Amino acid sequence: MIRLDGVGQVFDGREGRVTALEKIDLHVRGGEFVTLIGRSGCGKSTLLRLIAGLLPPTSGSVAVADEPVTGPRRDVSFMFQRPALLPWRSVLSNVMLPVEIDKGSDRSKAAYRDRAHQLLELVGLQGFERRLPHELSGGMQQRVSLCRSLIRDPQVMLMDEPFSALDALTRTELSEELQRIKMELSTTIVFVTHSIEEAVVLADRVVVLTPRPGRMRDVVDIDIPRPRSLAQNAYVTEVATISARLHALLSEKESEDRR
Amino acid sequence: MTKRSWLTSSPAAAVILPIIGLAAAIALWWGATVVFSIAPYLLPTPWDVAVKFFDQPGVLLSETGTSLLETLEGFVLAIVIGVPIALLIVRSVILERLVYPLLLMVNSIPKVAVAPLLVVWMGFGQWPKVVMVLLMCFFPIVISTAQGMKSTPTELVELMRSLNATRAQEFFKLRLRYAMPQIFTGFKVAISLAVIGAVIGEFVGATKGLGYVIQQSGASADTTLAFAAIMLLSVMSIILFYGLVLLEHLLLPWAQEKR
């Protein structure tokens, strides 16, 4: 579904050139849930923007559904760290924004409206359709944002630390909801995070990136049955083992640097 | 724990408190004229002023109408010219550098100094007054509009890009809407200046308007009449200002929460 070959990204900053990403080769299969994990400044958000077509790569190639990425695609949605809701629009009309912007859609507006109601119900926001964003809590706002990124049934969802600004409890709730939605919809998801817990709970595969320049350190498969949870469950040992391994991979770079 | 008092939380208090303040000021004024037995040609009592107004309400109200019309015409003209200029400035750095010092220069000129020139150029009709109002209002409207247009959060711009929004969509559905509260702040500053502009215009080469009335009453030492005209000017200013506040409340209900 997503194919990155020899992707590199160089920025010309004020203090000279900065290599944000180097030699990234990654193939994400259809329906797969991949998390990109790494310290801040490892270029994981940049990588996501390359896939989204928001930024052209300096070198290498990016393809989605076997087509080279030249700009944002209709079947790829992007979810940000902050809810990024338009403050003057109601919850429902925020969810409908993508449909309104890109009129060349295949379904009628009424069909999308029904879908919007369905999605809002799925995340427990029925009855809030006419509210304005500032009337909602941070977690509820991010749920609206999730509905917005699902409204056009994307093939690929790109998520840039979408839960990192939320409190721990809301965060757990939302990652459980995301798993549930994922199991229903079979969307391909690339999810950026700096939280090991989140990576382990959500991913089929975890890509560990090293900082400056961002390179792929390792790819870890996670085959713990779903739905996963951080709470007491049958797979506590597996979750702990993989968490420990990711932890080691993330801190290894540091010891290498010291040498 | 401090309990919010009735005086800060109740909507009734929001109306009653300003009235009490106003009544107290008038009482103080009245008291001063009585206690220090000030001559009416120096400081008339509020009662004298009220009697003066109700002596010939039609005449004073028609003068008020003249000033109001000039104020509104100049204000609307300032919006019609100022907002597009601000939008152009925001779009082009070259234009901004070219025009900004010019705007600053024009704004720094004491407007009173220009009033006689305007009469020379445009005669004794309402135009020099309208242009004076325009000169007063122009700067705050341009500055606040430009500021507002620059304040769009990056994640919202990125959202629109990721949805493949056209430049026009990005402008109308995001940037302009987001700037509206700040544009309104500029309007609110400008409307008070507009009234001042009209009076300045009427001080020079006018045959009607409240500014003309004040000037004439100065010449004939009719302090009471001057006070009546000044009162009417303040009432006009207050009504115009709160009219804008009301309009903002109706048009931008989403913006209330941000303050």
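Each value in this text was obtained by applying a stated rule to the coordinates, not by laboratory testing. Predicted model, so just to flag it, every value in this text is computed and none were measured. Backbone-built Cβ (ideal geometry, glycine too); neighbour counts: all protein chains shown.
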State which entries of A:Lys44/B:Lys150; B:Lys52/B:Lys188; B:Lys52/B:Lys208 exceed 26 angstrom in Cα-Cα distance in the structure shown. A:Lys44/B:Lys150; B:Lys52/B:Lys188
At the level of C-alpha centres, the distance separating region B:158-176 and region A:83-162, in angstrom, is 17
Whole-percent pair-distance distribution, where bins are 5 Å wide, for the alpha carbons of region B:44-255: 1, 7, 13, 15, 15, 13, 11, 8, 6, 4, 3, 2, 1, 0
For chain A, modelled as a Gaussian network with Cα springs under 10 Å, which listed residue fluctuates most, A:Gly138, A:Gly13, A:Gly43? A:Gly13
Under a plain spin-label model, where a point goes 7 Å from the Cα along Cα-to-Cβ, how far apart in nm are A:Asp25 and B:Val59? 9.6
Per 5 angstrom bin, beginning at 0 and ending with the bin that holds the maximum distance, the Cα pairs of chain A fall in percents of 1, 6, 13, 16, 18, 16, 13, 9, 5, 2, 0, 0, 0
Chymotrypsin sites (Phe, Trp or Tyr not before Pro) in region B:47-135 lying in a DSSP loop, each with at most 10 other Cβ atoms within 10 Å of its Cβ, come to none
Sequence neighbours fewer than 8 away in the same chain don't count; with that in mind, list the aspartates and glutamates whose C-alpha is under 13 Å from B:Lys111. B:Glu202
So who's got an amide H within less than 5 Å of the one on A:Phe78, skipping anything under 5 residues away but keeping other chains? H placed 1.01 Å off N, in plane. A:Leu158
Note down the Stokes-Einstein diffusion coefficient of region A:76-180 in µm²/s, whole number, using a Kirkwood radius over alpha carbon pairs, 25 °C, and 0.890 mPa s. 178
